[in-house]
Amino acid sequence: MCGRQEVFLGFAPAKVLNKISFADVLNEDTGEGYQRPRNKSHSLDFKKYVKKEGSSTIPLTFNLRKEFQHAWRIERRKNGSATLCLDGNARCLAQVDCQHRLGELKDEDVSLAFMSFIGLDLRAEMAQFVIINSKAKGLSSSLTDYHDTNLLSNLVEVAPHLYIARKLNEDPESSWFKLIRFGGETTSGLKRRTSFRMMQKAISRFLSQTKGINLGEIDDIYAIVRDYWKAVQMIFQKEWNDHRHHLISKGVGLHSLTRLLADILKTDKSQNYSVNFFENHLAPLKDKIDWGSKGMFAHAGGQKGVQEVHVVLRRAIGS
């Protein structure tokens with residue numbers, strides 16, 4: 001037993017463990033997986049280390065995936081020991097905490113100790129990964145935020161900001177559709193505009209700023225945020241499309257424009273919210289704001305910079 005979970009403890013050559021295991025890396029395009037991409041240089045550093053005299057490491061951590069139960073079985077003995085029998089051609093061990101150590105050891109005979117959870121479902125496996133790695137250096141905060149959206153059963157009640165931020169990325173009607181980075185792998189990496197951590201923080205502040213306004217249920221609030229950003233995209237179409245040379249969808253633009261949304265809702269409580277409604281409010285910005293990376297906000301950085309830009313935007317629309 002390890003805590004409240006029954007586990008299998010064993011050892012095997014590194015090349016065998018490499019062959020029969022896999023890392024379930026998050027694919028941001030499909031939403032499958034949950035881990036960060038492997039850093040090859042880290043793996044090579046460990047390979048160099050483990051070949052040295054006197055080297056060692058803590059046990060690798062796996063999960064015998066439930067869906068691959070046809071490829072593994074545990075033969076138990078009365079004395080408490082057991083043998084893990086595996087199909088040598090199947091990758092049925094999920095790498096919960098070892099992908100960087102094991103990644104470059106496909107040709108190494110060095111013996112490594114390991115611990116494997118037995119038949120955890122994907123949700124429980126993810127939870128173990130988060131517990132082990134949530135404070136790990138290099139693990140993207142956006143990735144741990146993404147895990148929360150999968151693990152929290154009452155996400156709308158507990159973390160509505162995460163719900164809205166994730167939906168902005170998943171809704172084809174959203175201006176942010178597939179433009180938010182989660183810390184996984186994606187074929188459209190260069191197109192991603194902002195991180196999930198940055199987006200959820202902006203939404204969290206917006207929800208706090210508008211707490212006293214009746215904006216409806218969570219999906220009504222999401223629709224308001226979505227329509228607002230569609231209006232932003234329409235007003236600043238050129239800047240939005242050329243995001244690499246403009247700040248509109250980077251941190252300073254994201255946070256200042258989200259704060260401006262709260263100002264608009266506080267000022268105009270007509271509740272007839274639509275893309276057209278927000279376009280009318282944002283129209284004065286079109287000829288007054290230069291979002292160029294070398295333009296009027298080029299110096300703006302951090303929270304102080306966001307505040308300065310927000311003041312300029314608010315004055316420009318007369319809020």
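Scan segment 34-44 and tell me whether some residue there is under 16 Å from ASP121 (Cα atoms) and touching a residue at least 12 places away in the same chain (Cβ under 8 Å).
Yes: one or more hits.
Hey, among SER21, SER55, which residue is within 33 Å of the chain's Cα centre (by Cα) and farther than 30 Å from PHE177 by Cα?
That would be SER21, the only listed residue that is within 33 Å of the chain's Cα centre (by Cα) and farther than 30 Å from PHE177 by Cα.
Suppose we keep only residues that are of a type in the set (S, T, N, Q) and outside any helix (DSSP H, G or I) within segment 206-215. Which one would you say is nearest to ALA298 (Cα to Cα)?
For segment 206-215, the residue satisfying everything is THR210.
Take segment 54-99 and flag every residue that is of a type in the set (D, E, K, R) and either touching a His at 6+ places or on another chain (Cβ under 7 Å) or closer than 19 Å to GLU125 by Cα (or both).
ARG65, LYS66, GLU67, ARG73, ARG91, ASP97
So which residues in segment 57-110 are of a type in the set (Val, Ile, Thr), crowded, with 17+ Cβ neighbours inside 10 Å and free of Cβ contacts under 8 Å to residues at least 40 places away in the same chain, if there are any at all?
VAL96
Does segment 32-50 hold any residues that are surrounded by 12 or more Cβ atoms within 10 Å (Cβ to Cβ) and basic (Lys, Arg), and which are they?
Listed by number, the residues that qualify are ARG36, ARG38, LYS47.
Hey, GLU279 hits all of (1) more than 25 Å from the chain's Cα centre (by Cα); (2) farther than 24 Å from GLU173 by Cα; (3) not β-branched (Val, Ile, Thr) but one; which does it fall short on?
Of the numbered conditions (1) more than 25 Å from the chain's Cα centre (by Cα); (2) farther than 24 Å from GLU173 by Cα; (3) not β-branched (Val, Ile, Thr), the odd one out for GLU279 is (2).
Is it true that ASP29 is part of a helix (DSSP H, G or I), surrounded by 11 or more Cβ atoms within 10 Å (Cβ to Cβ) and among the acidic types (Asp, Glu)?
no
Could you list, in sequence order, the residues of segment 176-192 that are surrounded by 20 or more Cβ atoms within 10 Å (Cβ to Cβ) and either modelled with pLDDT of 95 or more or assigned to a loop (DSSP other than H, G, I, E, B) (or both)? Please lay out each step first, then the result.
Keep residues of segment 176-192 that are surrounded by 20 or more Cβ atoms within 10 Å (Cβ to Cβ), which gives 176, 180-184.
Hits for segment 176-192 are TRP176, PHE182, GLY183, GLY184.
Could you say which residue among SER256, SER274, SER293 is among the small types (Gly, Ala, Ser), surrounded by 18 or more Cβ atoms within 10 Å (Cβ to Cβ), assigned by TED's automatic domain parsing to the domain that holds ASN154 and out of contact with any Ser or Thr (no Cβ under 9 Å at 6 or more places or on another chain)?
None of the others qualify; the one that does is SER256.
If a residue has to be buried (at least 18 other Cβ atoms within 10 Å of the Cβ), without any contact (Cβ under 8 Å) to a residue 60 or more places away in the chain and of a type in the set (Val, Ile, Thr) to count, how many in segment 211-245 make the cut?
Total satisfying the criteria: 3.
Which residues, counting only those in segment 26-57, are modelled with pLDDT of 90 or more and among the β-branched types (Val, Ile, Thr)?
Matches in segment 26-57: VAL50, THR57.
The values are calculated or read from the model by the stated rules, or taken from the named source; none is laboratory data. The shown structure was predicted, so the numbers you read here are calculated from the model rather than taken from an experiment. We place every Cβ from the backbone using ideal geometry, glycine too, and count neighbours over all the protein chains shown.
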